[in-house]
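S.K.: Next up is a structure, given as structure tokens.
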Amino acid sequence: MQIVILSSSNCVAEYGAALFIDQLAAKPDSVLGLATGSTPLALYQLLIAACQQQRVSFASAKTFNLDEYLGLAGEHPQSYRYFMQQHLFNHIDISPENTAVPDGAAVDPVAACARYEQQIADAGGIDLQLLGVGRNGHIGFNEPSSGLYSRTRIKTLTPATIADNSRFFSAGEYQPHLSITMGIGTILDAKKVVLLATGVSKAGAVKAMVEGPLTAACPASALQLHQQAIIVLDEAAASELTDIDFYRHIERENQALHNRLRQQ
Ligand code: F6R
């Protein structure tokens, strides 16, 4: 795991956006894994601006989202498909047929999960996967106790996640308790993973993910197994880390090495 600690949530978004812009510059037909929630919103704003200024193009890219509520069709304002259209896809030069979100309205959701896995494999696998983390350590909708090698499947949301996400639903509105989510194994198959976390409410989950044991009790700890996982944090999200000085030291060394190599 590479732990990057930055001074503000804006810097976290900028760092994450730069990874996506560099990825697309190196490989315009990249396969990108995307997330919803509050955390990636600022990053998506930066990607939209970069695309409108022609500093990046998604014209040849394909995207796969992590998850979707089971029971919500893509036109539903609380669906993750709708979120992605509003916050990214409608504003960039991506072809609609190259954007995939699990089908929350599938008649046979089990078959839809298997199809999603196949679609990812047919696209050549995910090059760069964006993640946020839940306060309970979930990634995608892989809640605590999720199998560490799980694949795309139907998952029941915990009461904590339902409560956290209730802010997006109005009073009395139906809020699903089930989801379709890429599995932890699906996420671990991505060639590179970048997880963003901001704010003190994520500090406990970040501590468990980075310094806790590898355990299904904290699904994000599975990223300890990944060869290219970059964890980008603001000061508040990093505030419970014990070895924080060491992570800063490694990043300074990385930066010095990077600068030396660029000068050669
Ligand atoms: C959403 C997703 C979730 C969120 C997590 C954090 O697609 O994968 O795991 O990343 O719940 O959500 P926010 O960013 O709203 O704190």
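Conditions tested, residue by residue: (1) of a type in the set (S, T, N, Q); (2) in contact with a Ser or Thr (Cβ under 8 Å, 6 or more places away or on another chain).
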| position | (1), (2) |
| --- | --- |
| Arg81 | no, no |
| Cys113 | no, yes |
| Leu128 | no, yes |
| Asn136 | yes, yes |
| Ala160 | no, no |
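S.K.: Kindly indicate whether Ile126 is β-branched (Val, Ile, Thr) and in a loop (DSSP other than H, G, I, E, B). Spell out how you get there, then give the answer.
M.R.: Values: β-branched (Val, Ile, Thr): yes; in a loop (DSSP other than H, G, I, E, B): yes.
Yes: the conditions hold for Ile126.
S.K.: Go through the stretch 130-149 and give me each residue that's more than 10 Å from the ligand (Cβ to nearest atom) and over 20 Å from Glu211 (Cα atoms).
M.R.: Selection gives Tyr149 alone.
S.K.: Right, something else. Go over the candidates Lys155, Lys191, Lys202 one by one and state the one that is more than 13 Å from the chain's Cα centre (by Cα), in contact (Cβ under 8 Å) with a residue 60 or more places away in the chain and within 13 Å of the ligand (Cβ to nearest atom).
M.R.: Unique residue meeting the criteria: Lys202.
S.K.: What tally of residues in the stretch 71-110 results from selecting those that are within 22 Å of Gln129 (Cα to Cα) and either acidic (Asp, Glu) or touching a strand residue (DSSP E or B) at 6+ places or on another chain (Cβ under 8 Å) (or both)? I'd like the intermediate steps shown before the answer.
M.R.: So the first thing to find is which residues in the stretch 71-110 are within 22 Å of Gln129 (Cα to Cα), and the list is 74, 79-104.
Those still in the list that are either acidic (Asp, Glu) or touching a strand residue (DSSP E or B) at 6+ places or on another chain (Cβ under 8 Å) (or both) too: 79-81, 84, 88-89, 93-94, 97-104.
So the count comes out to 16.
S.K.: Is it the case, given these coordinates, that Arg81 is within 16 Å of the ligand (Cβ to nearest atom) and among the basic types (Lys, Arg)? Don't jump to the end; show me each part of the working.
M.R.: On the way: within 16 Å of the ligand (Cβ to nearest atom): yes; among the basic types (Lys, Arg): yes.
Answer is yes for this residue.
S.K.: What are the pairs with Cβ atoms under 6 angstrom where one residue, in the stretch 36-47, is closer than 13 Å to Cys11 by Cα and the other, located anywhere, is of a type in the set (Asp, Glu) and in a loop (DSSP other than H, G, I, E, B)? Sequence gap at least six, or different chains.
M.R.: none
S.K.: Could you please find all residues in the stretch 140-150 being surrounded by fewer than 17 Cβ atoms within 10 Å (Cβ to Cβ) and either without any contact (Cβ under 8 Å) to a residue 40 or more places away in the chain or of a type in the set (Asp, Glu) (or both)?
M.R.: Tyr149
S.K.: Answer with yes or no whether Ala220 is more than 19 Å from Ser30 (Cβ to Cβ), within 14 Å of the ligand (Cβ to nearest atom) and aliphatic (A, V, I, L, M).
M.R.: Details: more than 19 Å from Ser30 (Cβ to Cβ): yes; within 14 Å of the ligand (Cβ to nearest atom): yes; aliphatic (A, V, I, L, M): yes.
The answer is yes for Ala220.
S.K.: Further question: When only residues in the stretch 11-58 that are more than 24 Å from Asp189 (Cβ to Cβ) and in contact with an Asp or Glu (Cβ under 8 Å, 6 or more places away or on another chain) count, which is farthest from the ligand (Cβ to nearest atom)?
M.R.: Within the stretch 11-58, the match that is farthest from the ligand (Cβ to nearest atom) is Ser57.
S.K.: Additional query: Could we say that Arg135 is modelled with pLDDT under 95 and within 17 Å of Pro40 (Cβ to Cβ) here?
M.R.: Against the criterion (modelled with pLDDT under 95 and within 17 Å of Pro40 (Cβ to Cβ)), Arg135 does not qualify.
S.K.: I've got another one for you. Return the residues of the stretch 219-243 that are farther than 11 Å from Lys202 by Cα and touching a strand residue (DSSP E or B) at 6+ places or on another chain (Cβ under 6 Å); say none if nothing qualifies.
M.R.: Pro219, Ala220, Leu223, His226, Gln228, Ala229, Ile230, Ile231, Val232
S.K.: Hey, can you tell me all the residues within the stretch 59-74 that are within 14 Å of the ligand (Cβ to nearest atom) and closer than 22 Å to Asp189 by Cβ?
M.R.: Residues of the stretch 59-74 that are within 14 Å of the ligand (Cβ to nearest atom), as a first pass: 63-70, 72.
The answer is Thr63, Phe64, Asn65, Leu66, Asp67, Glu68.
S.K.: Here's another thing I want to ask about it. Does Ala197 meet the test of being in contact with a Ser or Thr (Cβ under 6 Å, 6 or more places away or on another chain) and at pLDDT 95 or above?
M.R.: no
S.K.: Right, another one. Is at least one residue of the stretch 56-63 surrounded by 15 or more Cβ atoms within 10 Å (Cβ to Cβ), free of Cβ contacts under 8 Å to residues at least 40 places away in the same chain and assigned to a strand (DSSP E or B)?
M.R.: yes
S.K.: Check off (1) of a type in the set (Asp, Glu); (2) touching a residue at least 24 places away in the same chain (Cβ under 8 Å); (3) surrounded by fewer than 21 Cβ atoms within 10 Å (Cβ to Cβ) for Asp234 and give me the number that stays unchecked.
M.R.: (3)
The values are calculated or read from the model by the stated rules, or taken from the named source; none is laboratory data. Treat the numbers as computed from the prediction; the structure is a model and nothing was measured. A quick note on method: Cβ atoms are made from the backbone with ideal geometry, for glycine too, and the neighbour counts reach across all protein chains shown.
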